[in-house]
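> Before anything else, here's the structure in question.
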Amino acid sequence: MEAKNVPHVRELLESSPKNWGKWGKDDEVGSLNYLTSAEILRGIATVKQGKTFTLQVRMGDPGGDPVWPGRQSAKRMNVMDRGHYLCGKGPRFPGQYEYADDVMFMYLQGSTQYDALGHVWYDDQIWNGYDADTTIGGLAKASVLPIGERGVVGRGVLIDMARHRGKEVLGPGETFSHVDLLEAAERQGVVIEKRDILMVRTGWIGSFYKREHAEFYKDFKEPGLTYSRELVRWFQDMEIPNLVTDTMANEVTVDPVSGVELPLHNALMRNLGVALTEIAQLDPLAEDCAKDGQWTFLYAAAPLKIVGGSGAPVNPIVIK
């Protein structure tokens, strides 16, 4: 679709529901407010086997990290190691111990990460109606810091769309809706319940490590959820606090109907306050769930507490 025919996201979301003010005028964590003590206990009740899984991709992998086009992989560098001592430049301490030290340069959203609720906006307003000017020089409102300080714990449910469609990985631009999620859930023998942390596997991030990077990024268009008024209403009615996927954007890159890029970032995150977790590695968890038939578990995560950050790396933990 030609850009000149693409509507403003405001027009697309004209009748889209908002949760602004629902948790007060000062709220910065949005739908994570749904994760009350009762929801945490509901998540704990799913723990049956004592199995654990971590969902973060590797950072600073010599083979490259999956990142949104235009961003660069994290770069780790030693600033102190054995080499400094071999050439006589290492510092000396009482007791004669030696040490290694390193630094990393990265995009805060260049790994498995949480978006801040103020990360994306339109019409000069971010989540909860805060002025977009509050993002200048760092997010003074709705940054990732309140999410990191609060933490995210609840009942997680994994929907494996790739497996549901008989594929290792969904194709570029391949879409699915909430109706497809419900059909996949029924086939898996699991029910998506109100206030579940919704996790969706497409196989996309896993495929990054199995093919040439030039092929992965060619004509880049991720698979994912596609916008509809009904889908947004379903998220609101289900009080979904957090969407976690193994893609870089949690939605199909370009809405195939309107041509708008990433409309769900605005409909779900900006308007409803749904936390978005991206670039999760879900393949090992999905494989295990398919084997033992347990698709629900305790999900726990807390992004790094970056003051003013528009996002932050995270290593979520799942316990079955």
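> To two decimal places, what compactness ratio does the stretch 178-292 give when its Cα radius of gyration is scaled by 2.2 N^0.38 Å?
So the Cα radius of gyration is 1.09 times the expected 2.2 N^0.38 Å.
> Could you check how many percent of all C-alpha pairs in the chain are farther apart than 26 Å?
In whole percent, the share of Cα-Cα pairs in the chain beyond 26 Å is 48.
> On to the next question. Too long at a 22 Å Cα-Cα cut-off: which of 22/305; 167/291; 194/305; 18/141; 210/305; 75/305?
As for pairs spanning more than 22 Å Cα to Cα, those are 22/305; 194/305; 210/305.
> Could you work out how far apart the two model spin labels at residue 81 and residue 22 are, taking each label as a point 7 Å from the Cα in the direction of the beta carbon, and quote it in nm?
In this crude label model, residue 81 to residue 22 measures out at 4.9 nm.
> While we're looking at this one, here's another question. When only DSSP loop residues count, what GluC sites (Glu not before Pro) in the stretch 1-36 have their Cβ near at most 10 other Cβ atoms within 10 Å?
Loop-located and lightly packed - 2, 14.
> Can you give me the angle between helix 283-292 and the longest principal axis of the chain, using Cα atoms only, in degrees from 0 to 90, rounded to the nearest 10?
Roughly 60 degrees, rounded to the nearest 10.
> With a cut-off of at most 15 other beta carbons within 10 Å, and DSSP calling the residue loop, which trypsin sites (Lys or Arg not before Pro) in the stretch 8-62 qualify? Please list them.
When the trypsin sites (Lys or Arg not before Pro) of the stretch 8-62 are filtered for loop state and at most 15 Cβ neighbours within 10 Å, 22, 25, 48, 51, 58 remain.
> Out of the DSSP beta bridges found with both residues in the chain, what percent are antiparallel (nearest 5)?
65 percent
> Under a point spin-label approximation (7 Å from Cα along Cα-to-Cβ), what is the residue 15-residue 168 distance to one decimal in nm?
4.3 nm
> To continue, here is another question. Using the per-residue mean of other Cβ atoms lying within 10 Å as a proxy for protection, in what order, highest first, do the peptides 157-165, 103-111 fall?
Top to bottom by mean Cβ count within 10 Å: 157-165, 103-111.
> Among 176, 84, 96, which residue has its Cα positioned farthest towards the positive end of the charge dipole of the chain, with +1 placed on the Cβ of Lys and Arg, -1 on the Cβ of Asp and Glu, and the dipole taken about the Cα centre?
Working it through, the farthest residue towards the positive pole turns out to be 96.
> What angle do you read, to the nearest 10 degrees and between 0 and 90, between the alpha-carbon axis of helix 178-188 and the longest principal axis of the chain?
That helix lies at roughly 70 degrees to the long axis.
> Another one. Counting Lys and Arg as +1 and Asp and Glu as -1, each charge on the Cβ, what is the dipole of the chain about the Cα centre in debye, to the nearest 20?
Magnitude of the dipole: close to 780 debye.
> Compare the Cα positions of 32, 231, 317 along the charge dipole of the chain (+1 at Cβ of Lys, Arg; -1 at Cβ of Asp, Glu; about the Cα centre) and return the one farthest towards the positive end.
317
> With a 10 Å radius around each residue's Cβ, average the other Cβ atoms per peptide and rank 168-176, 84-92, highest first.
Result, highest mean first: 168-176, 84-92.
> While we're on this one: So what's the back-of-envelope 222 nm ellipticity for the chain, counting only DSSP H runs of four-plus at -39500 (n - 2.57) apiece and dividing by all residues, rounded to 500?
Rounded to the nearest 500, it is -5000 deg cm²/dmol.
> OK, next. Could you calculate, for the stretch 128-251, the ratio of the Cα radius of gyration to the Kirkwood radius, expressed as Rg to Rh?
1.02
> Given the Cα-Cα distance of residue 103 and residue 71 and 0.36 nm per residue of separation, how much length would full extension add, in nm?
9.7 nm
> Provide, in order from the shortest bin, the percent of all Cα-Cα pairs of the stretch 262-312 in each 10 Å bin, continuing until the bin that contains the maximum pair distance.
Answer for the stretch 262-312: a P(r) of 18, 36, 33, 12, 0 percent.
> If you don't mind, another one. Under a no-solvent Debye model with one identical scatterer per Cα of the stretch 103-189, what's log10 I(q)/I(0) at q = 0.19, 0.22 Å⁻¹?
With no solvent term, the Cα-only Debye profile gives -0.99, -1.03.
> How much of the DSSP beta bridge set in the stretch 1-131 is antiparallel, as a percent to the nearest 5?
Bridges in the stretch 1-131 are about 90 percent antiparallel.
> Moving to a separate point now. I want to check the label-to-label distance for residue 183 and residue 307. Put each point 7 Å from Cα in the C-beta direction and report it in nm to one decimal.
Going by the 7 Å Cα→Cβ label model, 5.1 nm.
> On to the next question. Report, to the nearest 10°, how far helix 229-238 tilts away from the longest principal axis of the Cα atoms in the chain, using its own Cα long axis and a range of 0 to 90°.
70 degrees
> Whole angstrom only: what separates the Cα centroid of the stretch 118-155 from the Cα centroid of the stretch 207-271?
Using only Cα atoms, the two centres lie 19 Å from each other.
Read-outs: derived from the displayed coordinates by stated rules, not from any lab. The structure presented is a predicted model; accordingly, all values stated were derived computationally and were not measured. For neighbour counting, all protein chains shown are included, and Cβ atoms are generated from backbone atoms with ideal geometry for every residue, glycine included.
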